[in-house]
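Quick notes on the structure that follows.
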Amino acid sequence: MVAETAISDPSPSVPPRKHTEVAVGILLRPDGAMLLSTRPPGKPYAGYWEFPGGKLEAGETVEQALRRELIEELGVTIGAASVWKVTEHDYPHALVRLHWCKVREWTGEFEMREGQTMAWQQMPLTVAPVLPGAYPVLQWLAEERGLPPVAI
Ligand SMILES: Nc1nc2c([nH]c(=O)n2[C@@H]2O[C@H](COP(=O)(O)OP(=O)(O)OP(=O)(O)O)[C@@H](O)[C@H]2O)c(=O)[nH]1
């Protein structure tokens, strides 16, 4: 039998890392293309490709945060959005919990308000590198389309 002390936390004074909640939009065109954009300069992983979105503010739902972020970043207002998948990724800068929403309706013209670059992408993607936190979702999207696993 394992003694209780052997499995106790060796560093009880270190508090567990808190999750940063993030709302992420997978904007899908009728032809199946999805929108990716580059991380703006000055942010961790600047220049990496990501799905648009950002952190929830106090009191916001995922849908509200996503709607606000997409207006702030891209100048478009999304229609209904509900959570499709939830994933987590542990970066050196943050432990994030990503709430992924598929979005098929929006209004407005795309405007890169944070100096990003955007690209509509079919699978397999032609842009790289993509944020590591997005890999699982790329695999699910490929699976849904009957495509082989994404090579990353
Ligand atoms: N938007 C977005 N964030 C992602 C994706 N994948 C992923 O791991 N993340 C992580 O989720 C977090 C999102 O934070 P952010 O810095 O973009 O959020 P924000 O716009 O609210 O930032 P700010 O208020 O600090 O400027 C980052 O740690 C980022 O690395 C993705 O595909 N899209």
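We did not get these values from a lab; they are worked out from the coordinates using the rules stated. In this text, all values refer to a predicted model and were calculated from it rather than measured experimentally. Glycine also receives a Cβ, built like all others from the backbone with ideal geometry; neighbour counts cover every protein chain displayed.
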Counting Lys and Arg as +1 and Asp and Glu as -1, what is the net charge of the other residues whose Cβ lies under 13 Å from the Cβ of W120? 0
May I ask for the percentage of alpha-carbon pairs in the range 17-144 that lie more than 21 Å from each other? 35 percent
My understanding is that a pair violates if its Cα-Cα distance is over 22 Å; which of K43/K85; K18/K102; K55/K85 do that in this structure? K43/K85; K18/K102
